[in-house]
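These notes are about the structure you will find just below.
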Amino acid sequence: MTMDATRQRFLMCRPTYFAVDYAINPWMDPTAPVDVDLAVRQWERLREVYLDLGHTVEEIAPVPGLPDMVFAANGGTVIDGRAMAVQFRDPQRADEAPAYRAWFEAAGFEMYDPKHVNEGEGDVLLAGDHLLAGTGFRTAHASHAQLQEVFGYPVITMQLVDPRFYHLDTALTVLDERTVAYLPEAFSPGSQAVLRRLFPDAVHATLADAEVLGLNAVSDGRHVVLPEQATGLAATLRDRGYQTIGVDLSELRKAGGGPKCCTLRLRQGKANR
Ligand code: ARG
């Protein structure tokens, strides 16, 4: 296993206008109070963790009235200098798509527009030379063919079956070029068989870890940033030789998001993907 950390370039969006005023996943309860100041502090801590690890963090300006815009992973898919914009399933998030698209365009990425519902890196994860693409709740199966055409990586469809793990990045995390961690029961039997075939050495997470969004983690190949509540998963990852860094994103979890949701990977070119 390679344990070399690769420097990453991330895009994040400060949760200035964060709120839970609609429910589009089972985590969201619009009647429960949200502490926006705490959300901002927790987000700032996550950003500092990345900077301390030597990564670069770009910021997109938050837009009033778009409370979920903090979840930058849903803003696009960016691989080898190409950016595919997104199309949200839910109208509440629709206006985030052009905001992110404009950012990618200004940053000089080659732009591609989605033909079907596609929620970006929330459902599209590059694992070695495969693109794992989730479907079942958000991203449409039809978009998987477009992802393959745009990026030129073989796309492997992953059927998600548990509404709590509605985006692929809530059920599976890429640890390095060769390995992933995932919650088997969040996937259909066929997808579980595919995962076993592709990743025989994968870490199998427990429901307890997934229920605190432990799989919504960000790895640079060596350091894994994950919710601090996911203690079992962190111990397993340390046994495997990874360095774990726990962060508390309890306020953002009220919207169904964790560290990975707040983080979009900007992959410039083949040398630095
Ligand atoms: N409230 C947001 C939604 O339901 C959370 C998005 C989390 N993002 C992610 N990449 N899993 O769309």
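Quick note: the coordinates plus some simple rules give every number you see, no bench work behind them. What you are looking at is a predicted structure, and each value in this text was computed from that prediction instead of being measured. Heads up, the Cβs are rebuilt from the backbone with ideal geometry, glycines too, and the neighbour counts pull from every protein chain shown.
Of note:
- In this label model, residue 239 and residue 59 are separated by 4.0 nm, measuring between points 7 Å along each Cα→Cβ vector.
- Helix content alone sets the calculated 222 nm mean residue ellipticity of the chain: runs of n ≥ 4 DSSP H residues at -39500 (n - 2.57) each, divided across all residues, give -7000 deg cm²/dmol.
- Candidates 26, 78, 11 compared by Cα position along the dipole of region 8-82: farthest toward the positive end lies 78, with charges placed on Cβ.
- Here the 3J(HN,Hα) profile of region 189-198, calculated from phi with Karplus coefficients 6.51, -1.76 and 1.60 at θ = phi - 60°, is x, x, 5, 4, 5, 5, 4, 5, 5, 6 Hz, Gly and Pro shown as x.
- Mean Cα-pair separation over length for region 149-273, i.e. relative contact order, pairs under 8 Å, 6 or more apart, %: 20
- Separation of the residue 228 and residue 201 label points, Cα + 7 Å toward Cβ, nm: 3.1
- The string of couplings for region 116-125 from the Karplus curve (6.51, -1.76, 1.60, θ = phi - 60°) is 9, 4, 8, 9, x, 5, x, 10, 10, 10 Hz, one whole number per residue in order, with x for Gly and Pro.
- Average projected area [Cα convex hull, region 99-168], square nanometres: 5.0
- Computed 3J(HN,Hα) for region 88-104, one whole-Hz value per residue from the Karplus formula 6.51 cos²θ - 1.76 cosθ + 1.60 where θ = phi - 60°, is 7, 5, 9, x, 4, 9, 4, 6, 5, 4, x, 5, 5, 4, 4, 5, 4, glycine and proline marked x.
- Size of charge dipole - the chain - debye, nearest 20, with Cβ of Lys, Arg +1 and Asp, Glu -1, no other charges: 540
- For region 227-252, the residues whose backbone nitrogen is under 19 Å from a point 7 Å from the Cα of residue 48, taken along Cα to Cβ, are 227-229, 244-252.
- Counting all C-alpha pairs of region 54-151, share separated by more than 22 Å (%): 24
- Ascending count of other beta-carbon atoms within 10 Å, so fewest first, for 198, 11: 198, 11
- Across the chain, the relative contact order, built from alpha-carbon pairs under 8 Å that are at least six residues apart, equals 23 percent.
- Size of electric dipole in region 147-219: Cβ of Lys, Arg +1 and of Asp, Glu -1, about Cα centre, debye, nearest 20: 180
- Region 72-183, relative contact order [Cα under 8 Å, separation at least 6], %: 24
- Label point 7 Å beyond Cα of residue 5 along Cβ direction - residues of region 24-44 with amide nitrogen under 20 Å: 43-44
- Region 206-273: Rg to Rh, with Rh as the Kirkwood radius over Cα pairs: 1.01
- Cα convex hull volume per residue for region 86-240 (Å³): 119
- Between 163, 184, 259, the residue with the greatest mean-square fluctuation in the GNM of the chain (Cα pairs under 10 Å linked by springs) is 163.
- Ellipsoid equivalent to the chain - semi-axes via the Cα gyration tensor, in Å: 23, 22, 19
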